[in-house]
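Notes for the one structure printed next.
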Amino acid sequence: MRPAVGSLPLLLLFILVTACATPLSTEQPPARHVILISIDGLRPEFYLDSGYPAPILRKLAASGARAQTVEPVFPSNTNPSHATILTGLRPNRHGIIFNVRFEPDGTRGGWYEDASELRAPSLWMWARTAGLRTASLNWPTTHFAQIDLLVTGGDYPANEAGLAKLAQATTTGLFDLARVTPSVAALKDDVTWDALMAATAAGLVRRAQPHLLLLHFDQTDHFQHQHGRNADEVKRAVGRVDGHLASILEAVSDAGLSSRTAVVVTGDHGFSNIRQEVFPNYLLARAGLRGCPKPGATWRATAHVAGGSAAVFVNPRGDARATQAAESALRAAGAGRYAIVPRAELDALGAMEGAAFALDAVSGYAMGDACNRGLSRPASGGQHGYLPSRAEMATGFVAAGAGVRAGVTLPAMRLIDVAPTVARLLGLPARPADGRILTEVLQ
């Protein structure tokens, strides 16, 4: 979707006002308001390559700061990455280790959804402690978060029950404040859901003016999973999200906040095209190290799949013989399909707490959880979750507005650098983090 008529002039006004604003004193924060937007599956090409229909994102990048590559965390998946964006910490420190929990009985648990599962304070906590007004729309792992205006992400069926579930997961009166009315049609898919979240964000900017607004768009991830990195469906999704950026910048202008607002756009991971799916649990079951289809009460080793990678857990934890047996069973069939990632490397990545070791699928392969489908089968589409050293896993970063220098290009940065930088923009005290403040992009 192309930006609405008038969106580009409004963006130019946003850029002009922020560029000409009187510099703030050292006692004031560089930005009174920060809108932190996550585009799931954002890749740097979306704003570096004119072949993607993202004129608003490219103009923000040109007027402020942009990164040519952003290193994600491991596994490069949505929930661990979004917790990192908000804390500046790697997964083993913030506690959101995977998208879904690994259970002690060797099975896959539920998604990491509740804010109580975070082991470390996050940006919205820092902001509230400083007396700032906070809002969050569709951000992962925010269920029951103490955020002033909250819509938690989740599975909302496109029916009346889904609307009721959404109402329970939303701050009372939020949609009325934003002058948005959710409908069953808005819950149909990621496209309509993103449109609802964008309209809600624009309404909150106009009428609530939160100091920190968190917003997560889903659809770019969905279409890359379905069709791969470079499909036309992906480009259309990028265009629709770019149109949502335009509507949010229009709201900033309407609210008279352009000179006091910084907009930060980032992502959680890149994408790799796949043609095969490999099943490590088939090998572990064949070696007698677990049952199938369930691991069973006497399981000794099992693989917890995370898209392009898998964590291998042994029972009891740390058992050297079980670790050796699992590695032997997996190594024999791994050539050309995946590489073994030793525990020492996982420790350096701050990843996969409790796992004996990990598997990282080679290019073209993804991991599957099943134990009864043979070793591999054909697959298609796209996947993430691989080691962050893989170039295709790089995500993006764009910042513009109050407190952001114009014309800055970072050759490389890390996802752990986002939270400290946003905190500095808001004038919040420094907190312990694995990342650093990107002082080169700040005024």
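Numbers at a glance
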| quantity | calculated |
| --- | --- |
| Residue list for segment 152-188, restricted to those being among the hydrophobic types (A, V, I, L, M, F, W, C), within 17 Å of Arg206 (Cα to Cα), out of contact with any Pro (no Cβ under 7 Å at 6 or more places or on another chain) and outside any loop (DSSP other than H, G, I, E, B) | Leu174, Leu177, Ala178 |
| Those strands (runs of 3 or more DSSP E) lying entirely in segment 237-346 with at least 2 residues in contact with a His (Cβ under 7 Å, 6 or more places away or on another chain), at pLDDT 95 or above and of a type outside the set (Phe, Trp, Tyr) | 309-314 |
| Residue in segment 208-218 that is at pLDDT 95 or above, assigned to a helix (DSSP H, G or I), assigned by TED's automatic domain parsing to the domain that holds Asp148 and more than 24 Å from Pro157 (Cα to Cα) present | no |
| In segment 236-252, the residues that are over 13 Å from Phe271 (Cβ atoms) and out of contact with any Asp or Glu (no Cβ under 8 Å at 6 or more places or on another chain) | Arg236, Gly239, Asp242, Gly243, Leu245, Ala246, Ser247, Ile248, Leu249, Glu250, Ala251, Val252 |
| Criterion violated by Leu215 - all others in (1) surrounded by fewer than 23 Cβ atoms within 10 Å (Cβ to Cβ); (2) within 18 Å of Asn77 (Cα to Cα) satisfied | (1) |
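The values are calculated or read from the model by the stated rules, or taken from the named source; none is laboratory data. Everything numeric here is computed off the predicted structure, so don't read it as measured data. We place every Cβ from the backbone using ideal geometry, glycine too, and count neighbours over all the protein chains shown.
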